[in-house]
Amino acid sequence: MIVEPAQRDEFLALLQETYGTAMAPAEFDWWFDRNPAGARILNEARDADGTALGVLAMSCFRMSQGLAAFAVHAVTTPAARGRGVFSTLELHNEEEAAAAGADWALGFTNPMAGPILVGRLGWEDVTSLRIWVRPKRLRKAAQGRLLAEPGAASFDEDHATSFAAHHIARDSEYLTWRYADSPRPYVRIDGDDGWAVVTHAVWHGYSSAVVCDAVGRGKARLLRRCVQAVDADLAVAMVNPGEERAYLAAGFVPTPRTIRFIGKRLTESAPPLPKERKAWRFSLGDLDFF
């Protein structure tokens, strides 16, 4: 059953009850209703008495190889356990994504969803995405904040960029939607030969400067400016093959933490999912929770 706009608040309340956090209503409307790549995929299951059992969502994005559907928000209630609610909703979402033209379903998964998707529903492990950090202070602070004025201006074609590896297409329309139109606070840092976007978030209990994107030849300088733009315990980033030297020069080091990246071919004509880390280019801004 499709989640109608009027049921948005119920879905958000379910996320809050289950995880202790949820996106704000304005974030929901921005993420699901104004995505330039197409309509939202958001379906729910209810018990016989009308009580919500679960809601699963996907978001479509244009990638370098074509349209892909990313598994994003998912929540099921204790009453749904053992009843196949998660699997049923997920397979329904995948059918909708394929009908919309997506060849692949992709996901930055967690320990709860990953075993079901890979173990039961035909998803594959693709690769691991390592997280790097740059410590900023020795003691954890109670809170942190952006030091620069938040609010990214609209992006133009000078900001558009592409990569040799598979990536979410970063044209001006996508970048403007993702950062300039978002109700979340972002700071864009422009340089002579590149640009970056940074925000503040709590990452594993640490007040963090989150490097959402950083592109261009002057990346090390941009990264240092990102670090300086946020009052935080540390800075955190996802580093792709070939970027290591710039991040090391800016004081970042690799951590043991990785994100499990998984995928599934949605059609018989879809190309195989490449399993090498160098075949993919992602940033923390590609995740739905920063």
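A short reminder: the numbers here are calculations on the coordinates, not readings from a lab. Being a predicted model, the structure only gives us computed values, none of them experimental. Glycine also receives a Cβ, built like all others from the backbone with ideal geometry; neighbour counts cover every protein chain displayed.
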With each label point set 7 Å from Cα along the Cα-Cβ vector, what nm distance links GLU95 and ALA79?
2.4
Using amide H atoms built 1.01 Å from N in the peptide plane, name the residues 5+ places from ASN240, or on other chains, whose amide H lies under 5 Å from its own.
none
Extended-chain gain in nm, criterion 0.36 nm per residue less alpha-carbon gap, ARG120 and ARG34:
27.7 nm
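Roughly speaking, what is the stretch gain from VAL202 to SER154, that is 0.36 nm per residue apart minus the C-alpha to C-alpha distance, in nm to one decimal?
14.7 nm
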Treating cross-link reach as a plain straight distance, find the lysines whose alpha-carbon is under 20 Å from the alpha-carbon of LYS136, omitting any fewer than eight places away in the same chain.
LYS219
Enumerate the amide H contacts of ARG257 below 5 Å, restricted to partners 5 or more residues apart or on another chain; note that Pro and chain-start residues carry no placed amide H.
ILE131
Choice from PRO272, PRO115, PRO256 showing the highest fluctuation, given a GNM over the chain with Cα pairs closer than 10 Å
PRO256
How long is segment 153-290 along each principal axis, judged by its Cα atoms, biggest number first, in Å?
48, 36, 29
Projected label distance in nm at LEU138 and ALA26, using a 7 Å step from Cα toward the beta-carbon
4.0
So, in nm, how far is label ASP288 from label SER269 when the simple model puts each one 7 Å beyond its Cα toward the Cβ?
2.7
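Return an integer: the convex hull volume of the alpha-carbon atoms of the chain, in Å³ per residue. Walk me through the intermediate numbers first.
Working: hull volume 38.8 nm³, N = 290.
Dividing the Cα hull volume of the chain by its residues yields 134 Å³.
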Could you pull out every residue, at least 5 positions away or on a different chain, whose amide H is within less than 5 Å of the one on HIS166? Hs are placed 1.01 Å off N in the peptide plane, and Pro or chain starts have none.
TRP280, ARG281
Using a cut-off of under 11 Å, list every residue of segment 273-290 whose amide N is near the label point 7 Å from the Cα of THR258 along the Cα-to-beta-carbon line.
277
Label point 7 Å out from GLN228 along Cα-to-Cβ: which residues of segment 173-188 have amide N under 14 Å?
none
If you take the Cα atoms of segment 220-290, find Rg, then find the Kirkwood Rh from the mean of 1/r over all pairs, what is Rg/Rh?
1.05
Starting at the first residue of segment 105-119, write each ³J(HN,Hα) from the Karplus equation 6.51 cos²θ - 1.76 cosθ + 1.60 with θ = phi - 60°, in whole Hz, x for Gly and Pro.
9, 10, x, 9, 8, 10, x, 7, 7, x, x, 6, 5, 7, x
Between GLY66, GLY122, GLY82, find the one with the highest GNM mean-square fluctuation for the chain; connect C-alpha pairs within less than 10 Å.
GLY82
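May I ask you to order 57-64, 68-75 by the average number of other C-beta atoms within 10 Å around their residues, highest value first?
Working: 57-64: 20.0, 68-75: 23.4.
Per-residue mean Cβ counts within 10 Å order the peptides as 68-75, 57-64.
For a Förster distance of 45 Å, can you work out the FRET efficiency between the beta-carbons of ARG217 and MET112, rounded to the nearest 0.05? If you can, show how the numbers build up before the last one.
Values: r = 40 Å, r/R0 = 0.89.
Efficiency computed from Cβ-Cβ geometry: 0.65.
At most 13 other Cβ atoms within 10 Å and a DSSP loop assignment: could you name the GluC sites (Glu not before Pro) in segment 95-173 that fit? Please report the intermediate quantities before stating the final value.
Working: sites: GLU95, GLU96, GLU124, GLU157, GLU173; in loops: GLU157.
Listed in order of number, the matching sites are GLU157.
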